[in-house]
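Everything below concerns the one structure shown next.
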Amino acid sequence: MGEPRRLLKVLVLQGRHLAVRDFRTSDPYVIVKLGNQTAKTRVINSCLNPVWNEELTFSVTEPLGILKLEVFDKDRFKADDKMGHAYVDLQAIASAARLKQVLQASVGETKIRKVVPSKENCLVKESFVRYAEGEIVQDVCLRLSDVETGDIELKIKWVDGASTAAVATAKTL
Ligand SMILES: [Ca+2]
């Protein structure tokens, strides 16, 4: 067995008040990048408040870096139009994940960290990193840049392969 595999699961929940790129609406989709890994959601046609509820999975590599999001309007006969971009600094969730072993004894839900909106991030409101049901989760609401309007809501989950295996072993004993 090699290094335990750690995953970052990015649940792209929804977009709100996205920009118009066609006549009255847009056909939005989101590209999410972590390092050299890229994943994208499906296109939702003719919608400025799309609900994707789509989970994109990335391998966690060191250094962890920044999660980047780009929103586009799908077009049939020309290049897709830009609808803004945003990023998430993953340091808060990464450092919370390091605390996980300490938290394993705790019951229910624990808020570990709070990130407040500032010029240094894209947050629309306070973002909490929490420990719930054995997982480290961060709820994020992002304001898109370089666009007239638009927010994107995400849920980021840190999945530690090693501890999942440990829990499974504990259950069989
Ligand atoms: Ca379009």
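Brief remarks on what is shown
- Based on Cα contacts under 8 Å between residues 6+ apart, the chain shows a relative contact order of 26 percent.
- Sorted from greatest to least, the principal axis extents spanned by the alpha carbons of the stretch 44-132 come out as 55, 27, 26 Å.
- Within the listed set G108, G65, G35, the Gaussian network model of the chain (springs between alpha-carbon atoms below 10 Å) gives the highest mean-square fluctuation for G108.
- Whole-angstrom gap from the stretch 66-89 to the stretch 50-64, using each part's C-alpha centre: 15 Å
- 23 Å Cα-Cα reach of K78 towards lysines, excluding residues that sit fewer than 8 places from it in its own chain: K40
- Taking other Cβ atoms within 10 Å as a rough exposure proxy, H85, H17 sort from fewest to most as H17, H85.
- Selected from P117, P28, P63 as most flexible by GNM, with the chain as the system and alpha-carbon contacts under 10 Å: P63
- Ranked list, fewest to most other Cβ atoms within 10 Å of each Cβ, for E153, E148: E148, E153
- Kirkwood Rh in Å, taken over all unlike Cα pairs in the chain: 17.2 Å
- Take the chain and mark each of the chymotrypsin sites (Phe, Trp or Tyr not before Pro) that is in a DSSP loop with at most 10 other Cβ atoms within 10 Å; the longest unmarked stretch, sites excluded, is 78-173.
- Hits among lysines - C-alpha to C-alpha of K111 under 21 Å, sequence gap 8 or more where chains match: K9, K100, K125, K155, K157
- Listed by chain and number, the aspartates and glutamates whose C-alpha is less than 12 Å from the C-alpha of K82, apart from same-chain residues fewer than 8 away, are D22, D27, E70, D73, D146, E148.
- The angle between the Cα long axis of helix 161-172 and the main principal axis of the chain comes to about 50°, on a 0 to 90 degree scale.
- Residues considered: R113, R76, R98. Largest GNM mean-square fluctuation over the chain, using C-alpha springs under 10 Å, is found at R76.
Where a number appears in this text, it was derived from the coordinates with a stated rule and is not lab data. These numbers come from a predicted model, not from an experiment. So basically every Cβ, Gly included, is an ideal-geometry build from the backbone, and we count neighbours across all protein chains shown.
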